[in-house]
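*Asks:* Below is a structure I'd like to ask you about.
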Amino acid sequence: MAPMDNVYISLLHDFTGSLQSATGFLAEHEELEVQFGELRRNARLDALVKTKTPDGGSCVLAIEMKRIAYPRDVRMAISHLMEYRATAPQDTRVELCFVADSISPGSRQALREAGINYYDQSGTLYFKYHTWLVDIERAPIRPARKKDFALFSGAREQVVHALLYHWYGNADEGDITGAELASLSHTSTYTVSSTMQALEQLDFVESKGSGPSQRRRLRDPAALVDAWAEEWTRRREVKTRWYTYAPSGHITDRVIEGFVSHARQEWALTGAAAANAIVPRLTQVDRVEVIVQPGEAEQLASAIGLTQADKGSNVVMIERTGASLLFLDEHPERPHSRFASRFIQYLDLLNGYGRNKELAEEFRKHALKIGSSK
């Protein structure tokens, strides 16, 4: 951390004030940016606070602080606090603490498992001392993201998709270079580099080496898919609804035939009709969702012979480009078909329509081979 400014000092005092209110621990003396260890002269602890306990004893709080605590920051803080404890005098009672504006649920769990107390600005306070335990859990304050940190949009989203696609096909040998990922995602090496740095900060990927030979590996695919899904379900897209006659059970084939005959640009089946063809769980699919290029929906509908229908529609066209049209696949039983990648199909199942949620759970497990995040 840079030399401590007033924001961090205020955060520190919020923590000690909340601790005093909850436990009676009284801060008597504080030191900032405390150097420790003989072998690592540059090792510094953000703060060391000497407290008086309610029973008249004393306790030293060793504290690491962050404004926004990304998972990687929390892991590093845990390691740093453990290093400090190893150098502390044997006769001193030291409690390790992590303080931030916001700490995610996963990071809170990691801190608990490491035996480290924590506090954030939501009012959350976890503090264990001898037989005393304070455990106040509140929802984390969602930190505001910078506008340029749009991880799941544009070219960066293509990099995320390519990284997951590479992992899916190479789970045992998942390392990939920036140049390989740029080629796979159809983006620049600069875009890959900036996206990978953001993903590494969020603890989704890990890297080894440096320079052009640096390789990265997806550390937690489930967590990355969850983060992508969280952003995906907030989107507002251009969708148009249409109707076509098709014999019962043949709507998917009818739509594929129409698009194969008339679409001149990229398109892809997605959602329940596509996913159910891979992991059959629904006895009947009553509508087909198709990704089309922006501005193409009306022309395609006219060519295929679809009728616009706000109610009773059985074809939905979703206007998209970029990541949604990467890694298209042909279904073996439907010649010339174009199915969106399995990751896009899964994300589109999260729209809450009909039994899509049920299908999404099965599809994630059996088609993506992904369980819950770590």
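The values are calculated or read from the model by the stated rules, or taken from the named source; none is laboratory data. In this text, all values refer to a predicted model and were calculated from it rather than measured experimentally. Note: ideal-geometry Cβ built from the backbone for every residue, glycine included; neighbour counts use all protein chains shown.
*Asks:* May I ask you to list pairs of residues, at least six apart or on different chains, whose Cβ atoms are under 6 Å apart, with the first in region 128-140 being modelled with pLDDT under 90 and the second being surrounded by 11 or more Cβ atoms within 10 Å (Cβ to Cβ) and of a type outside the set (Val, Ile, Thr)?
*Replies:* Pro140/Ser102; Pro140/Ser104; Pro140/Ser122
*Asks:* Give the residue that is farthest from Leu326 (Cα to Cα), with candidates limited to residues of region 165-179 that are in a helix (DSSP H, G or I) and in contact with a strand residue (DSSP E or B) (Cβ under 9 Å, 6 or more places away or on another chain).
*Replies:* Checked region 165-179; the qualifying residue farthest from Leu326 (Cα to Cα) is Gly178.
*Asks:* Related question: Among the candidates Gly169, Gly115, Gly174, which residue alone is outside the structural domain of Phe343 (by TED's automatic domain parsing) and in contact with a His (Cβ under 8 Å, 6 or more places away or on another chain)?
*Replies:* None of the others qualify; the one that does is Gly174.
*Asks:* Could you look through region 85-105, keep only residues that are more than 25 Å from the chain's Cα centre (by Cα) and at pLDDT 90 or above, and pick out the one that is surrounded by the most Cβ atoms within 10 Å (Cβ to Cβ)?
*Replies:* Among those that are more than 25 Å from the chain's Cα centre (by Cα) and at pLDDT 90 or above, it is Cys97.
*Asks:* Scan (1) over 16 Å from Leu347 (Cβ atoms); (2) among the charged types (D, E, K, R); (3) at pLDDT 85 or above for the single condition Arg156 breaks and write down its number.
*Replies:* In the conditions (1) over 16 Å from Leu347 (Cβ atoms); (2) among the charged types (D, E, K, R); (3) at pLDDT 85 or above, Arg156 misses (1) alone.
*Asks:* Kindly evaluate Arg264 against the criterion of being charged (D, E, K, R) and either surrounded by 14 or more Cβ atoms within 10 Å (Cβ to Cβ) or outside any loop (DSSP other than H, G, I, E, B) (or both).
*Replies:* no
*Asks:* Considering only residues of region 147-164 that are under 18 Å from Ser207 (Cβ atoms) and part of a helix (DSSP H, G or I), which is nearest to the chain's Cα centre (by Cα)?
*Replies:* Val160
*Asks:* If you don't mind, another one. When region 183-197 is examined, which residues are found to be in contact with a helix residue (DSSP H, G or I) (Cβ under 8 Å, 6 or more places away or on another chain), over 13 Å from Ala323 (Cα atoms) and surrounded by fewer than 20 Cβ atoms within 10 Å (Cβ to Cβ)?
*Replies:* Result: Ser188, Thr189, Thr191, Ser193, Ser194.
For (1) over 26 Å from the mean Cα position of the chain (by Cα); (2) assigned to a helix (DSSP H, G or I), each residue gets a yes or a no:
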residue	(1), (2)
Ala272	no, yes
Ala277	yes, yes
Gly312	yes, no
Ile318	no, no
His331	yes, no
Arg334	yes, no
Phe343	no, yes
Asp348	no, yes
Ser372	no, no
